[in-house]
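Structure record follows, encoded as structure tokens.
The values are calculated or read from the model by the stated rules, or taken from the named source; none is laboratory data. Quick caveat: nothing in here was measured; it's all calculated off a predicted structure. Positions of Cβ are backbone-derived with ideal geometry, glycine not excepted, and every protein chain shown enters the neighbour counts. Keep in mind that these areas ignore ligands, DNA and RNA; they rest on the heavy atoms of the full protein, side chains included. Shrake-Rupley method; radii C 1.70, N 1.55, O 1.52, S 1.80 Å.
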Amino acid sequence: MTLQEHRSERVSTGWITAAFWAAVAWSGYLLIGASPWWHWVLSTAVGAALTVTWWRERRRSRYWHLFGFTCAVVAALALSGSATAIFATYSVPADSVGQTETVCGSVVNPVPADELRVTVVASGEPVVTSRPIPRSELERVCSDNRRYRIRDATGLALVGLLFAARSAGHVLPRRSRAGCVPVTPSSGRRDRHR
């Protein structure tokens, strides 16, 4: 098999790459808007299928170091964003001005419902008003925000894993298929002289 024949048998990965970036853009849209769970399942399935297909047909381009590094950086940022969404303490504004808030805890360590209080943002002092916000309302707002954070953390983790797989595909050498031995220009010359 000559080098030209071997190249012609390989599938172009351009459409896979374009589809992968379209799936990434779709995942970004899902992170911004409140989307139903099945959008995430569909997005994950499409991203995983494209990644598997790309892994089978991948080949190193001239800029594989740059592409691998870029994908690794995006993966690290997405995974760290996911961890932040899960473990960081968050608060919800209690007024339209933003001077008072309710500290809800984190996703993994939420503040119990009976301990939720409205506090002043600058000092953390409890707010005493003639018409306090009902505790059930504070619990509902914190619960809603917790769900949003779980959704964001899941989406960022999925995007991060897809980029990590893509980065590994750029960096790791491709194994040759069974029965197909890559032809190098020097081995092609040797065949001509036999």
ask   = Counting only residues 5 or more places away or on other chains, whose amide H sits under 5 Å from the amide H of Cys104 once H atoms are built in the peptide plane?
value = Tyr90, Ser91, Val92
task = Apply 1/(1 + (r/R0)^6) to the Cβ-Cβ distance of Val52 and Ala76, taking R0 = 30 Å, and write down the FRET efficiency to the nearest 0.05.
result = 0.85
task = Calculate the spin-label point distance for Leu172 paired with Ser143, positioning each point 7 Å from the Cα along the beta-carbon direction, and give it in nanometres.
result = 4.3 nm
message = Per 0.36 nm of contour for each residue apart, how much would the distance between Ser96 and Thr17 grow if the chain were fully extended, relative to their Cα-Cα spacing?
response = 24.0 nm
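Taking 0.36 nm per residue of sequence separation and subtracting the Cα-Cα distance, how much length would be gained by fully extending the chain between Arg131 and Asn109, in nm to one decimal? Could the numbers behind the result be given before it?
Numbers: separation 22, 0.36 × 22 = 7.92 nm, distance 2.87 nm.
Net length gain for the segment: 5.1 nm.
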For the stretch 26-32, 3J(HN,Hα) per residue [Karplus equation, 6.51 cos²θ - 1.76 cosθ + 1.60, θ = phi - 60°, Hz, x = Gly/Pro] = 4, 5, x, 4, 5, 5, 6
request  = Would you kindly find the accessible area of Phe87, with a 1.4 Å probe and non-protein molecules such as ligands, DNA and RNA excluded, rounding to the nearest 10 Å²?
outcome  = 140 Å²
query = Given H placed 1.01 Å from N in the peptide plane, which residues other than close sequence neighbours of Val127 have an amide H under 5 Å from its amide H?
reply = Val118, Thr119, Val120
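Between Thr84 and Thr119, take the C-beta separation as r, use R0 = 25 Å, and let me know the FRET efficiency to the nearest 0.05.
On the way: r = 22 Å, r/R0 = 0.89.
In this case the efficiency is close to 0.65.
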